[in-house]
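Q: If you scroll down you'll find the structure; I have some questions about it.
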Amino acid sequence: MVISRGVLVACSVCLLYGGVMPASVATANGAESRLDSIRLVGTGYNAGKIGKAILVAEGDKTEVHLMLSGVPSGTSLPVHLYPYIYEGTCSSHKLKARYALTDHVLADSIIRPRAIGAFRGPVQLSQRIPVAFETIRATQYAISVRTSPADGNLEIFCGDNSFNLSQRRK
C-alpha cells in the first residue's frame, strides 16, 4: 500500500497542531492504510515543544513519520535528529534501543519542504523500520528523538503508546 506524501503531510500538520487522526486513511488506489499516532513531548532540553509520530503499515515494514515543532536553540545547522524506538515507556525503557531510525537523520523543513535540510521551525523526518505494523502496535514502546552526537546526544522529545495500547485493550 502506498499513501501519498501529500496526504501524509496534511495529516501531519493537522496532528502537530492538535488535530485528531483517524485509525485508517484511504490510499491512492482506494485501499485503507493502517496507522497509529503517538504524541511526542519536549523534554527539559526542549521544553514547550510538541510533536507527533505517525506509524503507517507498509507491508511487512512500518513507516515512521515524525513532525516536531522545533529543536533547542544552539542546535547545529542543518538540523540532524536521531530517533529510536525502545521497549517500555519514556519514564522506564530499556537502555538499548530496539530500533535505531538513523538511516536518514537530516531533518526536513515542514514550512519549506524543498529546502535542503531544516534550519529552524517545524521539522519532519521519515524512516522505515523492518517490523510489521501489527507487531509494533501490540508492544509497549517509546519513541525517543535525540540531537546529534555533536550537539550532545540529548533526548529532546519522547512519547509512548501506553494510552493507545490501553485504548485498544478495552
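Q: So Gly44 passes all but one of these: (1) in contact with a helix residue (DSSP H, G or I) (Cβ under 8 Å, 6 or more places away or on another chain); (2) at pLDDT 95 or above; (3) surrounded by fewer than 15 Cβ atoms within 10 Å (Cβ to Cβ). Which condition number does it fail?
A: Of the numbered conditions (1) in contact with a helix residue (DSSP H, G or I) (Cβ under 8 Å, 6 or more places away or on another chain); (2) at pLDDT 95 or above; (3) surrounded by fewer than 15 Cβ atoms within 10 Å (Cβ to Cβ), the odd one out for Gly44 is (1).
Q: For the range 102-128, how many residues are among the hydrophobic types (A, V, I, L, M, F, W, C), under 18 Å from Asn46 (Cβ atoms) and out of contact with any Leu (no Cβ under 7 Å at 6 or more places or on another chain)?
A: So the answer is 2.
Q: If only one of Ile143, Ile156, Ile116, Ile110 is at pLDDT below 95 and within 15 Å of the chain's Cα centre (by Cα), which one is it?
A: Ile110
Q: A further question on this structure: Here is a check on your reading of the model: is Thr75 closer than 25 Å to Arg34 by Cβ and more than 13 Å from the chain's Cα centre (by Cα)?
A: No; evaluated as a whole, the condition is false for this residue.
Q: From the set of residues in the range 87-107 that are more than 20 Å from Leu35 (Cβ to Cβ), of a type in the set (A, V, I, L, M) and under 16 Å from the mean Cα position of the chain (by Cα), which is surrounded by the most Cβ atoms within 10 Å (Cβ to Cβ)?
A: Result: Ala107.
Q: Tally time: how many residues in the range 133-165 are farther than 19 Å from Glu63 by Cα and among the aromatic types (Phe, Trp, Tyr)?
A: Matching residues across the range 133-165 total 1.
Q: Which condition number in (1) at pLDDT 95 or above; (2) touching a Phe, Trp or Tyr at 6+ places or on another chain (Cβ under 6 Å); (3) farther than 21 Å from Tyr45 by Cβ is the one that Glu63 fails?
A: Of (1) at pLDDT 95 or above; (2) touching a Phe, Trp or Tyr at 6+ places or on another chain (Cβ under 6 Å); (3) farther than 21 Å from Tyr45 by Cβ, only one is false for Glu63: (2).
Q: Go through the range 94-119 and report how many residues are within 19 Å of Ser69 (Cα to Cα), part of a loop (DSSP other than H, G, I, E, B) and touching a Gly at 6+ places or on another chain (Cβ under 6 Å).
A: Number satisfying all stated conditions: 1.
Q: Something else about it: Residue pairs, Cβ under 8 Å, 6 or more apart or interchain, first in the range 74-96 and within 20 Å of Ala138 (Cα to Cα), second assigned to a strand (DSSP E or B) and at pLDDT below 90. List them.
A: Close Cβ pairs satisfying both conditions: Tyr86/His93; Glu87/His93.
The values are calculated or read from the model by the stated rules, or taken from the named source; none is laboratory data. Everything quoted here is computed from the prediction, not taken from an experiment. Ideal geometry is used to build each Cβ from the backbone, glycine not excepted, and the neighbour counts take in all protein chains shown.
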